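The values are calculated or read from the model by the stated rules, or taken from the named source; none is laboratory data. None of these values were measured; they are calculated from a predicted model. Virtual Cβ from ideal backbone geometry, glycine too; neighbours counted across all protein chains shown.
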């Protein structure tokens, strides 16, 4: 049987789903974490042997969708005929939640109500008479605390017992024309009237919700337009600093030591066959090892972000950022994809679904990957280590420049699409604060670490192997001789691209090849560089200093510190990996937007790298770097294309607008 | 004193009844209705900022921008 989990946003559906199935789907303390449907069999210890599949759905306030992800839920319960619905009710907000409950009860599918967050109610002294509520709703009502796995067995037992039965609705909406908005709204008011009476009879509250509490005082500070933003910047800086400058590299150093020992051991085993040794020890172990070596940095960041997401802070950040984001044509809710984007771009782009306005949603999906994701951390750490002595400012600048590019990009999108004045409202529920669970953050971190290692052992490994082979052989499939590296397959393919990159300061084919493999997965930039230059202990700058130093890496790559920074920024702000581009495609639902996004990202990466390289070189040496004029021409062409697109859109826009006017006039 | 005020003019911590909601966006009006914010229902403003405020609707707290708060007449 299939059991659908439906309820208001942030009522704990995914927490319950994870507990029942043993999965680790993303959870967080704000409304709209789950934006798609997920299903998985429930553990048999809960079902008593019956085969049952749990279907986790995005949160919804009612059967009438307001944002795209709400539509997934109403469509599923209406059209897919699950065998039972577990309606997770936020018991701390019974009077709002039961509105949706009574709608679910009308579908005829057996419903079990789980009164979740019972622990908070007990703490606050709210009493709910679940027996009486159960009688009135004609369905089982069970108190649960999903975070502590309390009551879950009873919920599933009740759902299993109802398999095959039908549901009698306690409240039926009058037969009305569902297309008549006023009639629907009038019926919704009546439904709320019924719910209000119901709640009066079954609920007793010790504390009135409208009373000012301690958390209101915390909110006042966190959402203060000035202090709140400073706090947010400080918190994010703290996360990046701990994970990438302090604790992360400390653990990574230790890990890299073991990877090196392993690599040497592999090489010694294959000493007899130098070619195989090169391919396996340098190509596979070296390339993958270079990526895995950065794992501690990524893990620590995931852990800290998970803590942030769990405590209830994210909704406050959205609120405090809303006025700023609104000014550039985005929404306060755009903050959430941006913070999720520090982990991975794919879920970040999917999280844009909770943004109601289509233009704001698409623009956010287009821009949120400017924030460096977890896969870009190795790239940042590599360059910070090899060229800047591990300086903390490199990673900080990378993130804050990403944020600045989001703002600038949003302004550009606003200008190009011809901003028409439209009311864009912001409303977001402030969830109750909770002490973040270390166990949950740990689990989430391990889950992501597993995914990272799997990726390194599959995609990255294969790419490194291919890169290694393409570098080892020329087009006649003969091993490339020393000094003839430019004739390898890889070199001949990458060289034309490298030519385009000369104005940016990094015209070497190895660097171009690394940037290209980066589109498959950003970790590949590090993997490919490791393979091409035969270097592994990138992160261990101290060790490099002993063996000739970070300078050796720098010299091998033929980069100055300025062009190294340009190369880093180029890789950070060009289009994300193919997976993220794919998810951009499915969220934007528009070819035009998708290609504009890719084009914008390519131009941004190019322009940022160009400016950093040319002006950086100007400041350090007194003259522009090579290729200044060709680069300038390239940038001018990009600007021209943007202007042309903008003109076209605006002309179209005016046309559409005048059509509207004509239609209105003819109606009148 | 039966003058109509909007939520921005509400006193902090005082519970008012909603008289009218008009955001000029029918879907937004319906969304507020489904949160429990409609004619006759109590609302309380717990804090005000320059561009937004925190409003208690039913048992939940919501941050809304002033544009939306202005459209809620109490």
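Pick out the one residue from A:377, A:336 that is surrounded by 24 or more Cβ atoms within 10 Å (Cβ to Cβ) and farther than 30 Å from residue A:73 by Cα. Show your work before the answer.
Details: A:336 fails: farther than 30 Å from residue A:73 by Cα.
After ruling out the rest, the residue left standing is A:377.
This table checks each residue for (1) closer than 26 Å to residue B:47 by Cβ; (2) modelled with pLDDT under 95.
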{"position": "A:294", "(1), (2)": "no, yes"}
{"position": "A:297", "(1), (2)": "no, yes"}
{"position": "A:326", "(1), (2)": "yes, yes"}
{"position": "A:329", "(1), (2)": "no, yes"}
{"position": "A:338", "(1), (2)": "yes, no"}
{"position": "A:350", "(1), (2)": "no, no"}
{"position": "A:364", "(1), (2)": "no, no"}
{"position": "A:377", "(1), (2)": "no, yes"}
{"position": "A:382", "(1), (2)": "no, yes"}
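Within the group A:98, A:133, which residue is under 13 Å from residue A:198 (Cβ atoms) and within 14 Å of another protein chain (Cβ to nearest Cβ)?
Criteria check complete, one pass: A:98.
Against the condition in contact (Cβ under 8 Å) with a residue 40 or more places away in the chain, outside the structural domain of residue A:437 (by TED's automatic domain parsing) and in contact with a helix residue (DSSP H, G or I) (Cβ under 9 Å, 6 or more places away or on another chain), how does residue A:112 come out, does it pass? Yes. Taking each residue of the stretch A:75-92 that is free of Cβ contacts under 8 Å to residues at least 24 places away in the same chain and looking for partners that are assigned to a loop (DSSP other than H, G, I, E, B) with beta-carbon atoms closer than 7 Å, six or more apart or interchain, yields nothing.
Can you tell me which residue among A:220, A:234 is in the same structural domain as residue A:433 (by TED's automatic domain parsing), out of contact with any helix residue (DSSP H, G or I) (no Cβ under 9 Å at 6 or more places or on another chain) and over 30 Å from residue A:110 (Cβ atoms)?
Details: A:220 fails: in the same structural domain as residue A:433 (by TED's automatic domain parsing).
Just a single option satisfies the conditions, and that option is A:234.
Scanning the stretch B:1-17 for residues that are at pLDDT 90 or above and not in a strand (DSSP E or B) yields B:5, B:7, B:8, B:9, B:10, B:11, B:12, B:13, B:14. Residues of the stretch A:44-85 that are over 25 Å from residue A:166 (Cβ atoms), within 14 Å of another protein chain (Cβ to nearest Cβ) and not in a helix (DSSP H, G or I): A:59, A:61, A:65, A:66, A:67. Please go through the stretch A:119-143 and pick out each residue that is closer than 25 Å to residue A:310 by Cα and in contact with a helix residue (DSSP H, G or I) (Cβ under 6 Å, 6 or more places away or on another chain). A:120, A:121, A:142, A:143 - these are the residues of the stretch A:119-143 that are closer than 25 Å to residue A:310 by Cα and in contact with a helix residue (DSSP H, G or I) (Cβ under 6 Å, 6 or more places away or on another chain).
Looking at A:425, A:506, which one is at pLDDT 90 or above and either part of a helix (DSSP H, G or I) or within 14 Å of another protein chain (Cβ to nearest Cβ) (or both)?
Values: A:506 fails: either part of a helix (DSSP H, G or I) or within 14 Å of another protein chain (Cβ to nearest Cβ) (or both).
After applying the criteria, what remains is A:425.
Can you tell me which residue within the stretch B:20-40, out of those that are part of a loop (DSSP other than H, G, I, E, B), out of contact with any helix residue (DSSP H, G or I) (no Cβ under 8 Å at 6 or more places or on another chain) and facing chain A (nearest Cβ under 8 Å), is surrounded by the fewest Cβ atoms within 10 Å (Cβ to Cβ)? Walk me through it before giving the result.
Of the residues in the stretch B:20-40, the ones part of a loop (DSSP other than H, G, I, E, B) are B:22-25, B:36-40.
Add one more test, that the residue is out of contact with any helix residue (DSSP H, G or I) (no Cβ under 8 Å at 6 or more places or on another chain), and what stays is B:24-25, B:37, B:40.
Narrowing the set further to residues that are facing chain A (nearest Cβ under 8 Å) leaves B:24-25.
On the way: B:24: 8, B:25: 17.
For the stretch B:20-40, the residue satisfying everything is B:24.
Scanning the stretch A:200-222 for residues that are over 37 Å from the mean Cα position of the chain (by Cα) and within 9 Å of chain B (Cβ to nearest Cβ) yields a single hit, A:205.
For residue A:210, the criteria (1) in contact with a helix residue (DSSP H, G or I) (Cβ under 7 Å, 6 or more places away or on another chain); (2) outside any helix (DSSP H, G or I); (3) not assigned by TED's automatic domain parsing to the domain that holds residue A:104 hold in every case but one, which is (1).
No other residue among A:74, A:62 is within 24 Å of residue B:29 (Cβ to Cβ), in contact with a helix residue (DSSP H, G or I) (Cβ under 6 Å, 6 or more places away or on another chain) and either at pLDDT 95 or above or not assigned by TED's automatic domain parsing to the domain that holds residue A:339 (or both) apart from A:62.
Listed here are the residues, each with its yes/no results for (1) in contact (Cβ under 8 Å) with a residue 60 or more places away in the chain; (2) under 30 Å from residue A:27 (Cα atoms); (3) under 38 Å from the mean Cα position of the chain (by Cα).
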residue: A:143; (1), (2), (3): no, yes, yes
residue: A:150; (1), (2), (3): no, yes, yes
residue: A:163; (1), (2), (3): yes, yes, yes
residue: A:169; (1), (2), (3): yes, no, no
residue: A:178; (1), (2), (3): no, no, yes
residue: A:184; (1), (2), (3): yes, no, yes
residue: A:190; (1), (2), (3): no, no, no
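Does residue A:177 satisfy the criteria of being crowded, with 16+ Cβ neighbours inside 10 Å and either away from chain B (no Cβ under 14 Å) or closer than 30 Å to residue A:105 by Cβ (or both)? No: the conditions fail for residue A:177.
State yes or no: is residue A:182 outside any loop (DSSP other than H, G, I, E, B), assigned by TED's automatic domain parsing to the domain that holds residue A:127 and modelled with pLDDT under 90?
Details: outside any loop (DSSP other than H, G, I, E, B): yes; assigned by TED's automatic domain parsing to the domain that holds residue A:127: yes; modelled with pLDDT under 90: yes.
It is true that residue A:182 is outside any loop (DSSP other than H, G, I, E, B), assigned by TED's automatic domain parsing to the domain that holds residue A:127 and modelled with pLDDT under 90.
Just one residue in the set A:367, A:405 is over 30 Å from residue B:31 (Cα atoms) and away from every other protein chain (no Cβ under 14 Å); that residue is A:405. Exactly one residue out of A:169, A:114, A:91 is surrounded by fewer than 19 Cβ atoms within 10 Å (Cβ to Cβ) and closer than 28 Å to residue B:57 by Cα, and it is A:169.
If a residue has to be part of a strand (DSSP E or B) and surrounded by 24 or more Cβ atoms within 10 Å (Cβ to Cβ) to count, how many in the stretch A:1-39 make the cut? Walk me through it before giving the result.
The initial filter retains those residues of the stretch A:1-39 that are part of a strand (DSSP E or B), namely A:2-7, A:38-39.
Filter once more, keeping what is surrounded by 24 or more Cβ atoms within 10 Å (Cβ to Cβ): A:3-7.
The qualifying residues number 5.
Tallying residues that are free of Cβ contacts under 8 Å to residues at least 12 places away in the same chain and either more than 12 Å from residue A:472 (Cα to Cα) or surrounded by 19 or more Cβ atoms within 10 Å (Cβ to Cβ) (or both) within the stretch A:484-499 yields 2.
In the stretch A:223-230, the count of residues that are surrounded by 20 or more Cβ atoms within 10 Å (Cβ to Cβ), within 14 Å of another protein chain (Cβ to nearest Cβ), outside any helix (DSSP H, G or I) and in contact (Cβ under 8 Å) with a residue 60 or more places away in the chain is one or more. Among the residues of the stretch B:41-74, which ones are within 21 Å of residue A:333 (Cβ to Cβ) and not in a strand (DSSP E or B)? B:49, B:50, B:51, B:66, B:67, B:68, B:69, B:70, B:71, listed by residue number.
Scanning the stretch B:43-74 for residues that are within 9 Å of the chain's Cα centre (by Cα) and more than 7 Å from chain A (Cβ to nearest Cβ) returns B:43, B:45, B:55, B:57, B:69, B:70, B:71, B:72, B:73, B:74.
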